[in-house]
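Heads up, the thing below is written out as structure tokens.
The values are calculated or read from the model by the stated rules, or taken from the named source; none is laboratory data. These figures come from a predicted structure and were not determined experimentally. Every residue, glycine as well, gets a Cβ built from its backbone with ideal geometry; the counts of neighbours run over all protein chains shown.
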Amino acid sequence: MSTPDANRASQTFADKTGEAWVRLQDQTDALIDPLGRAAIARLAPAVGEHVLDVGCGCGQTLLELAELVGPSGRVQGVDVSPPMTARARERTAGIEAISLVVADAQTHLFAPASFDAVFSRFGVMFFDDARAAFRNLRAAARPGARLGFVCWQAMAKNPWALRPLEAVMRLLPSSAMPEMLRAGRPGPFSFADPAHVRATLGDAGWRDVALESLERPLQVGGAATLDEVVAYSLQIGPAARAMADAPEELKPALAAALREALVPFAGARGVFMDGAVWIVSARA
């Protein structure tokens with residue numbers, strides 16, 4: 001059940017993080033686009049289908065999905081972040097197949113049995129009640145509809161997130177660890193356990209649940225230089241969340257710690273670090 005504290009945390013994430021993602025839209029898309037495309041390929045949207053994009057963010061996946069379903073199809077995006085949804089509206093203006101709504105997909109009243117496919121690129125790990133959310137999405141899906149999303153594996157398998165976080169936490173009190181990274185909390189790594197994913201989806205009425213592992217180097221923040229990746233990591237990611245309330249006098253030291261942690265990954269092609277995700281699929 002959602003609590004007032006959880007609701008406030010969710011709104012804070014939607015507003016503050018949404019503003020940062022809008023500022024750094026291109027860099028973030030460069031980081032996660034290959035992973036989103038892999039999930040879209042597994043979902044295989046077809047011409048004329050109606051697709052729901054959960055946590056559509058700044059709109060890149062809306063554009064990719066709309067291209068696949070064509071003018072005869074429809075893509076509806078839903079996201080809790082007003083800044084990100086506003087940016088998505090700008091990017092998709094004039095494309096009649098795309099519609100958007102600012103809402104929580106856990107509780108929003110979608111038209112029943114109206115989608116052929118439900119998709120998400122890193123947008124389903126933050127629900128206060130994941131089972132309730134996937135039940136709601138199941139109700140919006142037609143019988144036999146497909147579900148496809150990409151989510152992070154354990155943070156230990158994602159150095160792009162772990163190394164910067166470890167670097168700054170050496171200078172911060174343990175209380176600075178972001179709540180969303182604590183065990184049992186909604187957050188970026190809350191779907192890392194395949195058994196948890198299968199149980200959550202199964203309880204919500206989805207069947208034929210499958211998880212495919214994808215591991216590959218990621219260009220962190222689309223960064224070509226060390227300065228760029230440090231600037232990005234100060235604003236987006238677990239380390240940025242941990243540093244959010246740090247005193248101003250400590251921030252130069254935190255930036256220096258970040259730089260030291262990232263130096264080994266900078267090369268002539270940019271800054272690349274390993275990432276690991278699950279490509280999850282299921283049917284209604």
**Prompt:** How many residues are in contact with a helix residue (DSSP H, G or I) (Cβ under 7 Å, 6 or more places away or on another chain) and surrounded by fewer than 17 Cβ atoms within 10 Å (Cβ to Cβ) when one looks only at region 136-162?
**Reply:** 1
**Message:** From the list Gly202, Gly184, exactly one residue is out of contact with any helix residue (DSSP H, G or I) (no Cβ under 7 Å at 6 or more places or on another chain), farther than 23 Å from Ile32 by Cα and not in a loop (DSSP other than H, G, I, E, B). Which is it?
**Reply:** Gly202
**Fill in**
The lone condition Ser190 fails out of (1) crowded, with 22+ Cβ neighbours inside 10 Å; (2) under 20 Å from Arg269 (Cβ atoms) is (2)
**Prompt:** Is there a residue in region 211-227 that is of a type in the set (A, V, I, L, M, F, W, C), surrounded by fewer than 18 Cβ atoms within 10 Å (Cβ to Cβ), in contact with a Gly (Cβ under 8 Å, 6 or more places away or on another chain) and part of a loop (DSSP other than H, G, I, E, B)?
**Reply:** yes
**Message:** Let me confirm something: among Leu68, Leu63, which residue is out of contact with any Pro (no Cβ under 8 Å at 6 or more places or on another chain) and at pLDDT 95 or above?
**Reply:** Leu63
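Any residue at all in region 159-166 that is within 21 Å of Leu65 (Cα to Cα) and either in a helix (DSSP H, G or I) or among the hydroxyl-bearing types (Ser, Thr, Tyr) (or both)?
No, region 159-166 contains no residue that is within 21 Å of Leu65 (Cα to Cα) and either in a helix (DSSP H, G or I) or among the hydroxyl-bearing types (Ser, Thr, Tyr) (or both).
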**Asked** Got a number for residues in region 24-60 being at pLDDT 95 or above and part of a helix (DSSP H, G or I)?
**Response** 13
**Message:** I want to confirm something. Restricting to region 68-105 and keeping residues that are crowded, with 19+ Cβ neighbours inside 10 Å and among the β-branched types (Val, Ile, Thr), which single residue is farthest from the chain's Cα centre (by Cα)?
**Reply:** Val69
**Message:** Looking at Ala246, Ala253, can you tell me which residue is more than 18 Å from the chain's Cα centre (by Cα), assigned to a loop (DSSP other than H, G, I, E, B) and surrounded by fewer than 21 Cβ atoms within 10 Å (Cβ to Cβ)?
**Reply:** Ala246
**Request:** Mind telling me which of the residues Ala210, Ala199, Ala224 ends up being within 26 Å of Val271 (Cβ to Cβ) and either in contact with a Lys or Arg (Cβ under 9 Å, 6 or more places away or on another chain) or at pLDDT 95 or above (or both)?
**Result:** Ala224
**Matching residues in region 123-135 - criterion: being surrounded by fewer than 21 Cβ atoms within 10 Å (Cβ to Cβ) and not small (Gly, Ala, Ser)** = Met125, Asp128, Asp129, Arg131, Arg135
**Item:** Filter result for Leu172 (aliphatic (A, V, I, L, M), surrounded by 17 or more Cβ atoms within 10 Å (Cβ to Cβ), farther than 24 Å from Asp26 by Cα and in contact (Cβ under 8 Å) with a residue 24 or more places away in the chain)
**Value:** yes
**Complete:** Per the filter on region 256-273, residues loosely packed, with under 15 Cβ neighbours inside 10 Å and either over 28 Å from Arg42 (Cβ atoms) or touching a Phe, Trp or Tyr at 6+ places or on another chain (Cβ under 7 Å) (or both) are Ala256, Glu260, Val263, Pro264, Gly267, Ala268
**Request:** Inspect region 114-127 for any residue being hydroxyl-bearing (Ser, Thr, Tyr) and under 22 Å from Ala38 (Cα atoms) and give the result as yes or no.
**Result:** yes
**Fill in**
With the first residue restricted to region 131-158 and required to be over 11 Å from Ala192 (Cα atoms), and the second required to be hydroxyl-bearing (Ser, Thr, Tyr) and part of a loop (DSSP other than H, G, I, E, B), Cβ contacts under 9 Å at 6 or more apart or on different chains are Ala132/Ser2; Ala132/Thr107; Ala133/Thr107; Asn136/Thr107; Ala140/Ser114; Ala141/Ser114; Arg142/Ser114
